Amino acid sequence: MCVHRGRNLPGVLDGLYGVQLVRRPPPAQSDNEAVQIKCTDSSTCEHQNGGTTITQQRRQRLLIRRLWQQRPSYLKPIHCSITCDKHAGETFANVVTSLPFIILGLHTPRKNLNAAIYANSLVGVGIASGLYHSSRGEVRKILRWADYTMIATTTLCLSRAVRNENPGLLMAASTLLLPFQPFMVSAVHTGMMEVSFAKRASVEPELRMVHNLHKMSSLLGGALFIADDYFPETPYIHAAWHLAAAIGIGTCNKLLG
């Protein structure tokens, strides 16, 4: 008698006369299971060999990406402050305070080609700002980009008008970066203009009072610019920045007289 049992109790039936226990071999693994086990073992080996290094690299990339995404909006190619112009009164104030840039551009001395280009760019700043603040909908994003790029263009033109000896490579690189990094272009050429203004004020006494007014308006404008980004719900900060920037630009025009 042969009894085939899938399960048995060892030590209970062993030794009985005529009883033979046949243990079934374990079921064969399917091809899919074998491949799966092989892949698992392979990934385990890879993890043991280089998993730690890969994890560290991923963490570094994620950290850099997170820092880049959390950068202030004025460091981004398109600085679109959607919270601006929250009501009709603020829109009106922002449009009205854009007009001084047009007036300054029309009264800027045009003694040479570079000065004339700078004056026309000032008029463009006032027009672009007014269009942006009076716009609504999807076109607002495009006009904000145009507004910010026009501001950067004005700083580039002013730097060229004040310092005709600027390196050609710097001017070409700044022109190419205008559509993508207008803030960077503004920062570089505003800094160059400030250095030129300070040097001339140190040797020309009639410019010292104007330079002091320029420094105060520039510091106030910078503070309002940052406050506009970090406190977007506070009304009329942007209009105040327009006025401070207009005063700073008006004092810069003394360098072209």
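Coordinate-derived values only; no laboratory data. Just so it is clear, the structure is predicted and the values come from calculations on it, not from any experiment. Note: ideal-geometry Cβ built from the backbone for every residue, glycine included; neighbour counts use all protein chains shown.
Scan ALA201, ALA161 and give me the residue that is buried (at least 19 other Cβ atoms within 10 Å of the Cβ), touching a residue at least 60 places away in the same chain (Cβ under 8 Å) and out of contact with any Ser or Thr (no Cβ under 7 Å at 6 or more places or on another chain).
Numbers: ALA201 fails: touching a residue at least 60 places away in the same chain (Cβ under 8 Å).
On inspection, the qualifying residue turns out to be ALA161.
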Considering segment 116-135, residues that are over 15 Å from THR149 (Cβ atoms) and surrounded by 20 or more Cβ atoms within 10 Å (Cβ to Cβ), and then whichever is nearest to the chain's Cα centre (by Cα), we arrive at HIS133
In this structure, is LYS111 more than 18 Å from PHE225 (Cβ to Cβ), out of contact with any Leu (no Cβ under 6 Å at 6 or more places or on another chain) and in a loop (DSSP other than H, G, I, E, B)?
-> yes
Exception for GLU206 within (1) outside any helix (DSSP H, G or I); (2) of a type in the set (D, E, K, R); (3) over 27 Å from ASP85 (Cα atoms) falls at (1)
Residues of segment 227-257 being more than 23 Å from LEU122 (Cβ to Cβ) and not in a loop (DSSP other than H, G, I, E, B), in sequence order, are ALA227, ASP229, TYR230
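Which of the residues belonging to segment 126-142 are over 17 Å from PHE92 (Cα atoms) and assigned to a helix (DSSP H, G or I)?
Pass one, segment 126-142, residues over 17 Å from PHE92 (Cα atoms): 137-139, 141-142.
The answer is VAL139, LYS141, ILE142.
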